[in-house]
1. Looking at segment B:41-51, is at least one residue touching a Phe, Trp or Tyr at 6+ places or on another chain (Cβ under 9 Å), more than 7 Å from chain A (Cβ to nearest Cβ) and at pLDDT 85 or above?
2. Please go through segment A:193-227 and pick out each residue that is surrounded by fewer than 12 Cβ atoms within 10 Å (Cβ to Cβ) and within 27 Å of the chain's Cα centre (by Cα).
3. Considering (1) at the interface with chain B (Cβ under 8 Å from one of its Cβ atoms); (2) out of contact with any helix residue (DSSP H, G or I) (no Cβ under 7 Å at 6 or more places or on another chain), say which one residue A:129 fails and leave the rest.
4. Would you check which residues across segment A:142-168 are more than 8 Å from chain B (Cβ to nearest Cβ) and assigned to a helix (DSSP H, G or I) and list them?
5. Anything in segment A:41-71 that is in contact (Cβ under 8 Å) with a residue 24 or more places away in the chain, more than 13 Å from the chain's Cα centre (by Cα) and assigned to a strand (DSSP E or B)? List them, or say none.
6. List the residue pairs whose Cβ atoms are under 8 Å apart, where the first residue sits in segment A:170-185 and is closer than 15 Å to residue A:159 by Cα and within 10 Å of another protein chain (Cβ to nearest Cβ), the second is hydroxyl-bearing (Ser, Thr, Tyr) and not in a helix (DSSP H, G or I), and the two are 6 or more positions apart or on different chains.
7. Looking at residue A:274, is it more than 7 Å from chain B (Cβ to nearest Cβ), modelled with pLDDT of 90 or more and either at negative phi or in contact with a strand residue (DSSP E or B) (Cβ under 7 Å, 6 or more places away or on another chain) (or both)?
8. Quick check, is residue A:74 of a type in the set (S, T, N, Q) and over 13 Å from the mean Cα position of the chain (by Cα)?
Amino acid sequence: METCRGKLTAVRGNAVCVFRTAVLVLAWTSALFLEQPDSYLPVADGCRLFVKELGDSRGPTAIVLHGGFGAEHSYLLEAVGTLAKSYRLVLFDQRGSLRSPCAADAISIQKHLDEIESLTADLNLGKVVLIGHSRGAYLALAYQQHPAKVAGLVLLGPPSLKTPSDPDDVALLKKSDDAARAFLQRPAIMLQLKREGLEASGETLTSRQKSFAWRIRLAGANVYHVERWRQVKGGQAFFSQTSGNTAAKSLPASWDFTDGLRSTACPVAVILGSRDRRPRGRDEQDLAP
Amino acid sequence: MNRTWLRDLPQVRLTVLKNAGHNAWIDAPKEFDQALSKAMTWLTLRATKTLTMNQTVRVDGDLWIPRLYLSMAGKHLHPCETAFHPSAARPGARLSIRPGSLNGR
């Protein structure tokens with residue numbers, strides 16, 4: 001009886017010990033992966049960048065570049081969040097975007113590239129991976145002018161890698177634009193509007209319904225499974241059309257990243273949706289995000 | 001369009017997610033996570049080893065002057081660090097690390 005009680009106490013003791021260890025490990029890992037407090041980085045022209053850091057501070061660093069131009073970082077949290085287990089992630093709102101107010105005349109592609117520079121210097125990041133979505137991928141590609149500072153690129157749904165010049169490329173662009181138009185007018189979008197009772201237009205809809213209808217159309221442009229429209233973030237107050245247009249106007253008349261990609265020593269990973277049908281040309285400002 | 005232009009670029013790894021749109025993580029969350037994770041593993045040095053100056057590296061049997069990092073997980077050198085030896089940029093190159101002096105090269 002005595003021995004039994006002793007064994008029971010020992011088992012109970014072990015269980016408590018295991019539980020305490022588990023709690024400690026959990027607390028330690030949570031602290032490690034905890035989101036850092038948001039911060040602001042003053043940059044040139046009196047602008048400030050809103051910066052969000054998360055992930056394993058001991059891991060390799062990736063800077064995440066949102067699209068638009070003129071969108072903001074938060075829609076990408078869902079996309080890259082799982083990397084926080086192993087990597088340090090630095091997200092920010094580009095100048096002129098939601099949380100990074102900046103005068104319109106201080107917004108340009110070059111200034112966006114300069115702010116990546118400021119960010120790496122201020123946070124002492126060293127070599128980084130750049131993860132860019134949509135036109136953020138354009139910035140990542142353009143930032144390769146600093147190869148010593150880039151460990152590699154991850155391009156998510158990048159815009160056109162070059163402005164078409166030869167007839168083959170022009171034909172390819174036309175085909176792509178046709179596909180984009182067809183994608184935006186596909187029946188699945190109207191069907192979804194009908195399912196939600198939002199097919200009517202104009203004043204018959206409440207403002208809430210109008211918002212939902214707008215979001216379904218936004219989803220129609222950005223996702224294939226339009227029935228997942230509720231998951232599509234961004235747009236409206238999360239998108240600065242003015243900043244986006246200003247940045248887009250500063251794009252060069254033509255570009256060609258393919259030569260650089262052919263000769264680069266740095267690895268580049270590209271992830272594309274087979275149904276990614278966003279317009280690609282120079283003058284086609286992205287719909288947010 | 002981009003898919004055509006990305007063909008045959010040696011340093012580019014293209015992953016196309018089936019039935020996914022511009023925000024592919026919404027259409028194909030699991031596949032997107034996997035693709036992103038693989039891409040990051042490929043790009044970064046998950047299991048890194050800092051070489052000291054008295055270590056040498058062989059890439060497919062050829063002596064290679066060590067740079068800072070080796071990808072032990074991917075078994076290939078980080079391509080950005082391969083200025084000294086082009087073959088090291090080739091994915092799948094076989095590496096061996098051994099103590100020794102660079103002077104013995």
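1. Within segment B:41-51 (the criterion being touching a Phe, Trp or Tyr at 6+ places or on another chain (Cβ under 9 Å), more than 7 Å from chain A (Cβ to nearest Cβ) and at pLDDT 85 or above), the answer is no, since none of the residues qualifies.
2. A:208
3. Looking at each condition in turn, residue A:129 falls short on (2).
4. A:142, A:143, A:144, A:145, A:148, A:149, A:167, A:168 - these are the residues of segment A:142-168 that are more than 8 Å from chain B (Cβ to nearest Cβ) and assigned to a helix (DSSP H, G or I).
5. Once the filter is applied, which keeps residues that are in contact (Cβ under 8 Å) with a residue 24 or more places away in the chain, more than 13 Å from the chain's Cα centre (by Cα) and assigned to a strand (DSSP E or B), segment A:41-71 yields A:41, A:48, A:49, A:50, A:51, A:53, A:54, A:55, A:61.
6. A:173/A:160
7. Taking the combined requirement at face value, the residue does not satisfy it.
8. no
The values are calculated or read from the model by the stated rules, or taken from the named source; none is laboratory data. Predicted model, so just to flag it, every value in this text is computed and none were measured. So basically every Cβ, Gly included, is an ideal-geometry build from the backbone, and we count neighbours across all protein chains shown.
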